[in-house]
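J.: Have a look at this one before I ask anything.
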Amino acid sequence: MTPDSGAGDGSREPCRLIIAIDGPSAAGKSTISRLLARRLGLQFINTGAMYRAVAYKASRSGVDVFDTGSISRLADQSNIELKGDPDDLRIFCDGEDVTRALRSPEVSRLSSIVSAVPGVRRAMVAAQRKMGERGGVVLEGRDIGTQVFPQADYKFFLVADPEVRARRRWEEERTAGHELTFDQLRSEIDERDRRDETRGDSPLRRASDAILIDSSKLTIEEVVEQILERIRPRS
Ligand code: DC
């Protein structure tokens, strides 16, 4: 069996479903996964936030993100938990609520580096499988359909034109009060795409059985509707 050949047949009870949403950064995965989880009454697991928590902890404790041994140990020794409902997901690292700190441009940059380290990925994937093994979850990330839950009931791969993604992210950042120019953001998105797609361990790629959705010209609601149409029974 290839890693991504085992998608479920959709016969699991609706409250036990495992839904995988993968794709490049700023393709709208978080917003869409959150809405989807809310509409279906499922738990939302934002796996990117877990890599961000590792990056944040490393920067706060002075661990060099390029020192793969130290960063892997740090990931192994971290207790990362996601709590709350989809509309107010809180991320805890060793008991501390770090949610707010995780969105900074610096953490975005560092998380892209630490997520390429195999030891970090091993620790995070193990934690994600534990969180989702009972089902009833929407997981968003880069490798959910290929590595974390290749047997997920439904897999979606969300893409959007890089220019559109950069514009959406720029508007979010401005709202959050982060001072980045559009050009800076565009080149950061390109850089993160490149790193996510070319890393040796679990590079970003679409599982062969994932449904591709290009959101460049769709509203968030339209994407959610397209996904819901594929999920039976209809909500
Ligand atoms: O989705 P995000 O921007 O919050 O993710 C942060 C970083 O973590 C990003 O560089 C990609 C990486 N990531 C990953 O490698 N695997 C995942 N399942 C989720 C995120």
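J.: List the extent of the Cα atoms of segment 169-229 along each of their three principal axes, largest first, rounded to whole Å.
T.: Cα extents, longest axis first: 38, 35, 17 Å.
J.: Now for a different question. If you filter segment 78-165 for GluC sites (Glu not before Pro), then keep DSSP loop positions with at most 10 other Cβ within 10 Å, what is left? Could the numbers behind the result be given before it?
T.: Numbers: sites: Glu81, Glu96, Glu106, Glu133, Glu140, Glu163; in loops: Glu133.
Counting only loop positions with at most 10 other Cβ atoms within 10 Å, the GluC sites (Glu not before Pro) in segment 78-165 are Glu133.
J.: In whole angstrom, and with the biggest value first, how far do the Cα coordinates of segment 29-74 range along each principal axis?
T.: 41, 15, 14
J.: Separate question: State the Cα centre-to-centre distance between segment 98-149 and segment 33-64 in whole Å.
T.: Here the two parts' Cα centres lie 6 Å apart.
J.: Quick one: work out the % antiparallel among DSSP beta bridges in the chain, nearest 5.
T.: The antiparallel proportion sits near 25 percent.
J.: Among Ala27, Ser108, Phe44, whose Cα projects farthest towards the positive end of the dipole of the chain, with charges put on the beta-carbon of Lys, Arg (+1) and Asp, Glu (-1)?
T.: Final value for the positive-end residue is Phe44.
J.: Using a simple charge model, +1 on the beta-carbon of Lys and Arg, -1 on the beta-carbon of Asp and Glu, nothing else, what dipole does segment 83-235 show about its Cα centre, in debye to the nearest 20?
T.: Details: 28 positive and 31 negative charges, 113 e Å.
Roughly 540 debye, rounded to the nearest 20.
J.: Roughly how big is segment 1-131's charge dipole about its Cα centre, with Cβ charges of +1 (Lys, Arg) and -1 (Asp, Glu), in debye to the nearest 20?
T.: Values: 19 positive and 15 negative charges, 26 e Å.
It works out to roughly 120 debye.
J.: As I understand it, the dipole of segment 151-235 uses +1 on the Cβ of Lys and Arg and -1 on the Cβ of Asp and Glu, about the Cα centre. Which of Phe156, Ile231, Ala176 lies farthest toward its positive end?
T.: In segment 151-235, that residue is Ile231.
J.: Counting only heavy atoms of protein chains, what accessible area per residue, in Å², does segment 33-113 have with a probe of 1.4 Å?
T.: On the way: 3770 Å² over 81 residues.
Value for segment 33-113: 47 Å² per residue.
J.: Under 4 °C and 1.567 mPa s, how fast does segment 133-213 diffuse according to Stokes-Einstein, given a Kirkwood radius computed over C-alpha pairs? Answer in µm²/s, whole number. Present the calculation step by step, with values, prior to reporting the outcome.
T.: On the way: Rh = 14.4 Å.
Roughly 90 µm²/s, to the nearest whole number.
J.: So, one more: Would you please give the FRET efficiency between Arg103 and Arg129, computed as 1/(1 + (r/R0)^6) with r the Cβ-Cβ distance and R0 = 35 Å, to the nearest 0.05? Before the final figure, lay out the partial values.
T.: Values: r = 25 Å, r/R0 = 0.73.
With R0 = 35 Å, the Cβ-Cβ based efficiency is 0.85.
J.: Let me ask something additional. With each run of n ≥ 4 DSSP H residues scored as -39500 (n - 2.57), what mean residue ellipticity at 222 nm is computed for the chain after dividing by its residue count and rounding to the nearest 500 deg cm²/dmol?
T.: -14000 deg cm²/dmol
J.: Lys83: which aspartates and glutamates have alpha carbons under 14 Å from its alpha carbon, excluding same-chain residues fewer than 8 sequence positions away?
T.: Leaving aside aspartates and glutamates fewer than 8 places away in the same chain, those within reach of Lys83 are Asp94, Glu96, Asp97.
J.: How much of the accessible area of the chain, probe 1.4 Å, is carbon plus sulfur, in whole percent? Please list the in-between numbers first.
T.: Working: 5370 of 11220 Å².
Whole-percent figure for carbon plus sulfur exposure: 48.
J.: I would also like to ask the following. Rank Asp76, Asp94 by accessible area, highest first, at a 1.4 Å probe radius?
T.: Values: Asp76 110, Asp94 80 Å².
Output order, biggest surface exposure first: Asp76, Asp94.
J.: What accessible area per residue comes out for segment 134-235, rounded to a whole number of Å², with a 1.4 Å probe? Write out the running numbers ahead of the final one.
T.: Values: 5240 Å² over 102 residues.
Averaged over the residues of segment 134-235, the accessible area is 51 Å².
J.: Turning to a different aspect of this structure: Only four residue types carry charge here, +1 at the Cβ of Lys and Arg and -1 at the Cβ of Asp and Glu. Report the dipole size of segment 41-92 about the Cα centre in Debye, rounded to the nearest 20.
T.: Values: 6 positive and 7 negative charges, 26 e Å.
Roughly 120 debye, rounded to the nearest 20.
J.: Distances longer than 22 Å among the Cα atoms of segment 1-158: what percent of all pairs is that? Could you put the intermediate results ahead of the total?
T.: Working: 4717 of 12403 pairs.
Considering segment 1-158, 38 percent of its Cα-Cα pairs are separated by more than 22 Å.
The values are calculated or read from the model by the stated rules, or taken from the named source; none is laboratory data. Note that the coordinates shown come from a computational prediction; the quantities given were computed from them, not determined experimentally. Counting neighbours? That spans all protein chains shown, and the Cβs are built from the backbone with ideal geometry, glycine included. Accessible surface is based on the protein model in full, side chains and every heavy atom, while ligands, DNA and RNA are left aside. Shrake-Rupley method; radii C 1.70, N 1.55, O 1.52, S 1.80 Å.
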